[in-house]
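J.: Would you mind keeping the following structure in view while I ask a few things?
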Amino acid sequence: MLIKKILPVISVLLSLVSCTSNQVTNETDYSLYLSTKIDSSKLLENVNFWTDRIEKSSSAYTYLVKRANAHTKVFSTTGNIDYLIKAEQDLIEANKIVKDSDAGLLKNLASNYISQHRFKEALELLLKAKTNGENLKGTKKMLFDVHLELGNYIYAESYLKDLKNTSDFDYLIRSAKWEDHIGNLEGAILQMEKATAIAESSNLKGIKQWAYTNLADFYGHAGEIDKSYTYFLKALALDPDDAYAKKGIAWIIYSHEKNPKEALSILNHITSYYNSPDYDLLKAEIAEYTNDGDLKSKALASYTNAVKNAQYGEMYNKYNVALYSEDLSQPELALEIAKREIENRPTPQSYDLLAWSYFKTGDVKKANDIIEAHVEGQTSEPAVLYHIAEIYKAAGKTDKVAPIKQELIASLYELGPTMATKINQL
């Protein structure tokens, strides 16, 4: 990729310029969004409204779906997993009433399962919805999403070709995902820019919000940090409570500007109203960067306590493998989790987790065999490339390490400053 090849050169040039050139953010831009306080009683008004309707109705199907949507809204606003599960329960109950006859309901439940990383169950529901035939194009879009998550790339590509419509927002965002999957970052950005233009012309808040944060992510991957920042701000202008956009700005401040104190301040604000365990892991990473052992211990303890909640299911397997194989030095437990993830979604990324777990237990040969069979050349994700480089280095394949190291240097913004030393030692 052209962008990836020129980034190392750019990095060297930037290092020769004053450190102030790294400054992209301005506190006055985002400070007005750091006052979010969630009023739980107001947030639950809609849930309570539909609950009252359900209790007074002899035919609760429609009201169950409405309450499920209200529960999902609470989850998206607060990150509280309980409400995603409550939404699932309502949708299951509604589906019992209509006995799989409503394709829209099946897709709603499939979307819930996707959020829970229950992709195989989502696929089963979508295939039922496809048989139903109602709004088939919408079903095919979701089938693309799920097949991509499951590593069924032939099916995913087939659905994408079937859906091709370069003036359709839903097609373009999926095309962007596909281009990113095959390692064509420039193509992914181009498609996402087209989708964003459509979103803006439609002036629908929801799709504009989604487009802005995703385009911001792609720009960040490409090293266009100023554009990434701009689009995270655009997302916040639409929704001042958008935790993901705030996290994106915190990452820019931490990884690009090397200002961990300000990044932590933003993260602490987010976690005052939004509950997602991975935010604790980011706090722990920043604490490691600043050599704050106490904060790192507290952040990791908060994370491990949070994910004990059985309702998270398999949602945090990726993070747990990294945590147990590295910070908590329990590679056997990491290996057990990685094997489960292979069962859930046998993608190159999942096989990477398996290989890394074997590597951390000391079985370099097993790790190398998995990388060669299931990972190498099938993903360009920086975290995966780092694992490949470490495993190849341990296996004595130094000729393969050098080109990967150059890719990793170009991806240091994505990986974070704690990875700089590790990459340099490859």
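J.: Kindly provide the set of residues from region 193-205 that are open to solvent by 10 Å² or more (accessible area, probe 1.4 Å) and touching a residue at least 24 places away in the same chain (Cβ under 8 Å), ordered by number.
T.: First, the residues of region 193-205 that are open to solvent by 10 Å² or more (accessible area, probe 1.4 Å): 193-194, 197-198, 200-205.
Once the filter is applied, which keeps residues that are open to solvent by 10 Å² or more (accessible area, probe 1.4 Å) and touching a residue at least 24 places away in the same chain (Cβ under 8 Å), region 193-205 yields K194, I198, S202, K205.
J.: What number of residues within region 273-295 are out of contact with any Ser or Thr (no Cβ under 9 Å at 6 or more places or on another chain), of a type outside the set (G, A, S) and without any contact (Cβ under 8 Å) to a residue 40 or more places away in the chain?
T.: Going through region 273-295 one residue at a time, the tally reaches 6.
J.: Also, I was wondering about something else. Does I404 fit the bill of being among the β-branched types (V, I, T), more than 30 Å from K298 (Cα to Cα), at pLDDT 95 or above and open to solvent by 20 Å² or more (accessible area, probe 1.4 Å)? If you could, list the steps in order and put the result at the bottom.
T.: On the way: among the β-branched types (V, I, T): yes; more than 30 Å from K298 (Cα to Cα): yes; at pLDDT 95 or above: yes; open to solvent by 20 Å² or more (accessible area, probe 1.4 Å): yes.
Judged against the criteria, I404 is a match.
Conditions (1) open to solvent by 20 Å² or more (accessible area, probe 1.4 Å); (2) of a type in the set (F, W, Y); (3) without any contact (Cβ under 8 Å) to a residue 40 or more places away in the chain; (4) assigned to a helix (DSSP H, G or I), marked per residue:
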{"position": "K86", "(1), (2), (3), (4)": "yes, no, yes, yes"}
{"position": "E93", "(1), (2), (3), (4)": "yes, no, yes, yes"}
{"position": "S101", "(1), (2), (3), (4)": "yes, no, yes, no"}
{"position": "G104", "(1), (2), (3), (4)": "yes, no, yes, yes"}
{"position": "N112", "(1), (2), (3), (4)": "no, no, no, yes"}
{"position": "K128", "(1), (2), (3), (4)": "yes, no, yes, yes"}
{"position": "K137", "(1), (2), (3), (4)": "yes, no, yes, yes"}
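J.: While we're looking at this one, here's another question. Within region 293-310, which residues are open to solvent by less than 60 Å² (accessible area, probe 1.4 Å) and not hydrophobic (A, V, I, L, M, F, W, C)? Working first, answer last.
T.: Applying the first criterion (open to solvent by less than 60 Å² (accessible area, probe 1.4 Å)) to region 293-310 yields 293, 295-296, 299-304, 306-307, 309.
Within region 293-310, G293, K296, S302, Y303, T304, N309 qualify.
J.: Confirm whether K208 is part of a helix (DSSP H, G or I) and open to solvent by 60 Å² or more (accessible area, probe 1.4 Å). Steps first, answer last, please.
T.: Values: part of a helix (DSSP H, G or I): yes; open to solvent by 60 Å² or more (accessible area, probe 1.4 Å): no.
Criteria not met by K208.
J.: Another one. With assigned to a helix (DSSP H, G or I), within 29 Å of N305 (Cα to Cα) and either among the basic types (K, R) or touching a residue at least 24 places away in the same chain (Cβ under 8 Å) (or both) as the only criterion, which of E407, E341 stands out?
T.: Exactly one residue qualifies, and that residue is E341.
J.: Another question, if that's okay. Being over 15 Å from the mean Cα position of the chain (by Cα), under 15 Å from A299 (Cα atoms), aliphatic (A, V, I, L, M) and at pLDDT 95 or above narrows it down to one of I253, I270, I249, I225, so name that one.
T.: Going through I253, I270, I249, I225 in turn, the sole match is I270.
J.: If you take the residues of region 203-218 that are over 14 Å from the mean Cα position of the chain (by Cα) and not polar (S, T, N, Q), which of them is farthest from E414 (Cα to Cα)?
T.: Of the residues in region 203-218, the ones over 14 Å from the mean Cα position of the chain (by Cα) are 203-209, 211-212.
Remaining after also requiring not polar (S, T, N, Q): 204-208, 211-212.
Working: L204: 30, K205: 28, G206: 26, I207: 25, K208: 24, A211: 20, Y212: 18 Å.
The selected residue is L204.
J.: For the condition out of contact with any helix residue (DSSP H, G or I) (no Cβ under 7 Å at 6 or more places or on another chain) and of a type in the set (D, E, K, R), what is the one hit in R174, R118?
T.: R118
J.: Would region 411-422 turn up any residue that is assigned to a loop (DSSP other than H, G, I, E, B) and within 26 Å of E179 (Cβ to Cβ)?
T.: Yes; the residues of region 411-422 include at least one that is assigned to a loop (DSSP other than H, G, I, E, B) and within 26 Å of E179 (Cβ to Cβ).
J.: If a residue has to be open to solvent by 20 Å² or more (accessible area, probe 1.4 Å), among the aliphatic types (A, V, I, L, M) and not in a loop (DSSP other than H, G, I, E, B) to count, how many in region 164-192 make the cut?
T.: 1
J.: Quick one: S58 ticks every box in (1) open to solvent by 60 Å² or more (accessible area, probe 1.4 Å); (2) in a helix (DSSP H, G or I) bar one, so which box is it?
T.: It is condition (2) that S58 fails.
J.: Oh, and also: Residue by residue through region 7-38, note down the ones that are at pLDDT below 50 and part of a helix (DSSP H, G or I).
T.: L7, P8, V9, I10, S11, V12, L13, L14, S15, C19, T20
J.: Cβ-Cβ distance below 8 Å, separation of 6 or more or different chains: which pairs start in region 211-227 with a residue that is outside any helix (DSSP H, G or I) and end on one that is open to solvent by 40 Å² or more (accessible area, probe 1.4 Å) and of a type outside the set (S, T, Y)?
T.: Qualifying pairs under 8 Å: A222/E186; G223/I10.
J.: Sticking with this structure for a sec: List the number of the failed condition for S380; all other conditions in (1) within 24 Å of the chain's Cα centre (by Cα); (2) modelled with pLDDT of 95 or more; (3) among the hydroxyl-bearing types (S, T, Y) hold.
T.: For S380, the exception is condition (2).
The values are calculated or read from the model by the stated rules, or taken from the named source; none is laboratory data. All values reported here derive from a predicted model rather than from experimental measurement. Please note: Cβ atoms are built from the backbone with ideal geometry, for glycine as well, and neighbour counts cover all protein chains shown. Keep in mind that these areas ignore ligands, DNA and RNA; they rest on the heavy atoms of the full protein, side chains included. Shrake-Rupley method; radii C 1.70, N 1.55, O 1.52, S 1.80 Å.
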